[in-house]
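Remarks on the structure that follows.
The values are calculated or read from the model by the stated rules, or taken from the named source; none is laboratory data. Note that the structure is a prediction, hence the values are computed from the model and not measured. Every residue, glycine as well, gets a Cβ built from its backbone with ideal geometry; the counts of neighbours run over all protein chains shown.
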Amino acid sequence: MNHVINAAADLGTEQWQKPWSGSNGGNCVEVKQLADGRVALRQSTEPDGPALIYTAAEISAFVEGAKAGAADFLLA
């Protein structure tokens, strides 16, 4: 995982998506697929802030783990 200092300046403002959004007043995670296959994540309310960069394998492991209940303790 790498850290990008400024998501908008370093990664552009186009192609960011909100894969899910709840009733939290717009406080969402935005994602962007990068040309090399990595995935960037940023806070939607702070588009000029930092972004975290993950490999496709890291994102896959996170999603599969969440689906399998590995993060359910966060909901308790």
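Condition test on A61, is it surrounded by 13 or more Cβ atoms within 10 Å (Cβ to Cβ) and under 12 Å from the mean Cα position of the chain (by Cα)? Can you show your working first?
On the way: surrounded by 13 or more Cβ atoms within 10 Å (Cβ to Cβ): yes; under 12 Å from the mean Cα position of the chain (by Cα): no.
Considered against the rule, which asks whether it is surrounded by 13 or more Cβ atoms within 10 Å (Cβ to Cβ) and under 12 Å from the mean Cα position of the chain (by Cα), A61 comes out as no.
Among the residues of the range 34-62, what is the count of those that are in a helix (DSSP H, G or I) and of a type in the set (K, R)?
Quick first cut of the range 34-62, residues in a helix (DSSP H, G or I) only: 56-62.
From what's left, of a type in the set (K, R): none.
Number of matching residues: 0.
Limited to the range 1-56, what total is found for residues that are at positive phi and at pLDDT 90 or above?
Residues meeting the conditions: 3.
Return yes when G65 is without any contact (Cβ under 8 Å) to a residue 40 or more places away in the chain and either in contact with a helix residue (DSSP H, G or I) (Cβ under 7 Å, 6 or more places away or on another chain) or in a helix (DSSP H, G or I) (or both) and no when it is not. So that I can check it myself, show each step before the final result.
Numbers: without any contact (Cβ under 8 Å) to a residue 40 or more places away in the chain: yes; either in contact with a helix residue (DSSP H, G or I) (Cβ under 7 Å, 6 or more places away or on another chain) or in a helix (DSSP H, G or I) (or both): yes.
Yes; evaluated as a whole, the condition is true for this residue.
Output the number of residues of the range 50-60 satisfying the condition of being over 16 Å from A35 (Cα atoms) and out of contact with any strand residue (DSSP E or B) (no Cβ under 9 Å at 6 or more places or on another chain).
1
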